[in-house]
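None of the figures in this text is laboratory data; all of them are computed from the coordinates on show. What you are looking at is a predicted structure, and each value in this text was computed from that prediction instead of being measured. Ideal geometry is used to build each Cβ from the backbone, glycine not excepted, and the neighbour counts take in all protein chains shown.
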Amino acid sequence: MSGRLLVTGGSGFIGSALVRAVAADGGRVLNLDAGTYAADDRRLAQAPEGAVETVRADIRDDALAGLVARERPSAIVHFAAQSHVTRSETAADEFFAVNVEGTRRVLEAALGAGVARVLHVSTDEVYGPCPGAPFREQDKLAGEGLATSAYARSKALADDLAQGYADRLDVVVVRPTNTIGPWQHPEKAVPRWATRALRGERLPVWGDGGQVRDWMYVDDAVAGIRIVLERGRRGEVYNLGPAAQGTSNLEMARLVAGAAGGGDDRVYLSHYDRPEHDRRYAVDPARAAALGWRPAYDLPRAVAETVAWYRANRAWWATLVDDAEALYAD
């Protein structure tokens, strides 16, 4: 799309990867970010000079509508959200306030300013646990449905909210699976395991380790988002993830340990397990594939690239580890 793209949460993990990709292709981006603990403008430091402008603002602020009206972006990609499941266990109100009310504010601002398209970034967790065939987009239940954590339930409501604007606003929704890659905060599972492995520590896996997830490299997620932004049909939802490649948490931790130079003996099962720890997530990405999207990274390559980045960038994550580890009871 021509014109400047507005990205909310563009200093976060996936948001910054999108901003970097658009800027590298000659695009201009306005990054609207509240600057929480999960944001880091160092993620954008290598963008071409002048390609990215970052504005500190909360999407819930009354000033949002005026800002969007003044800037009149070509489109909005809405990442900004509270996204860490463990944090949502003790801060549910904040998750609902940011993820639901914040999304409504973004949609209202886009509607008032006549923005051509809004892409809302949701999650595969809105479906809840998957007991059978991978979920298709139409399988999500209304409202909170089967979503379990406060994070997932707040995103399920925001997902419905975004779709509900499609009669007045050109909205598309993506539901990515678990995403890994450079610059992810070490509070999340794979960077936590990677940074522990690189410090010579053991890797804890909760419960029996049998929980199954689909894992996707961040560059593939960004490619999918860009394709849906350009080609997606108004009001449609698109799953993004590897087709039928579920991997258990135990197997994933062992892959990370191996990529860091260790063996399976570096991984152990902890006595702690997350409350309502969903056994399996799985989505069918056929609708996104019909637009021309395919993941380029298989899982071993995605893990290897991720661990290699953490090995080369210890100075970035070393200061974050203590706070990240303090979240956990394992």
### Query
Which whole-number percentage describes the relative contact order of region 63-200, with Cα contacts under 8 Å and a sequence gap of 6 or more?
27 percent
### Task
Using a Gaussian network model of the chain whose springs link C-alpha atoms within less than 10 Å, name the residue from 89, 276, 201 with the highest mean-square fluctuation.
276
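According to the Cα gyration tensor, what semi-axes, each the square root of 5 times an eigenvalue, does the equivalent ellipsoid of the chain have, listed from largest to smallest in whole Å?
30, 22, 19
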### Query
Can you pull the Rg over Rh of region 1-98, Cα-only, Kirkwood?
0.99
### Between region 119-171 and region 218-276, the Cα center-to-center distance that results, in Å
18 Å
#### Entry: Residue among 221, 75, 116 with the largest mean-square fluctuation in a Gaussian network model of the chain, springs linking Cα atoms under 10 Å
116
### Query
Each residue of region 289-301 in order: what ³J(HN,Hα) in whole Hz does its phi give by Karplus 6.51 cos²θ - 1.76 cosθ + 1.60, θ = phi - 60°, with x for Gly and Pro?
4, 5, 7, x, 8, 9, x, 8, 9, 7, 5, x, 5
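Can you compute the helix-only [θ] at 222 nm over the chain? Use -39500 (n - 2.57) per DSSP H run of at least 4 residues, normalise by all residues, nearest 500 deg cm²/dmol. Kindly include the intermediate steps, with their values, before the conclusion.
Details: 13 runs with 119 residues, N = 330.
Value at 222 nm, helices only, nearest 500: -10000 deg cm²/dmol.
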### Task
Using DSSP, restrict attention to beta bridges with both residues in the chain and report what percent are antiparallel, rounded to the nearest 5.
5 percent
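Suppose every K and R has +1 on its Cβ and every D and E has -1 on its Cβ; what is the size of the dipole of the chain about the Cα centre, in Debye to the nearest 20?
Here the chain has a charge dipole of around 760 debye.
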### Query
What's the angle, to the nearest 10 degrees (0 to 90), between helix 218-231's Cα axis and the longest principal axis of the chain?
20 degrees
### Task
Have a look at 260, 92, 318 and tell me which one the Gaussian network model of the chain (Cα, springs below 10 Å) gives the largest fluctuation.
318
### Summary
Expressed in angstrom and ordered largest first, the alpha-carbon extents of region 52-135 along the principal axes are 46, 31, 24
#### Entry: Folded to 0 to 90 degrees: helix 150-164 orientation relative to the chain principal axis, Cα
30 degrees
### Task
Kindly provide log₁₀ I(q)/I(0) values, in the same order as q = 0.13, 0.16, 0.19 Å⁻¹, from the Debye equation applied to equal alpha-carbon scatterers of region 85-232.
-0.69, -1.02, -1.34
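Using the Kirkwood radius built from alpha carbon pairs, what does the Stokes-Einstein equation give as D for region 219-330 at 20 °C and 1.002 mPa s, in µm² per second? Don't skip to the answer; put the middle values down first.
Details: Rh = 16.9 Å.
The calculation lands on 127 µm²/s.
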### Message
How charged is the neighbourhood of residue 265? Take every other residue with its Cβ under 12 Å from the Cβ of residue 265, and add Lys/Arg as +1 and Asp/Glu as -1.
### Response
+2
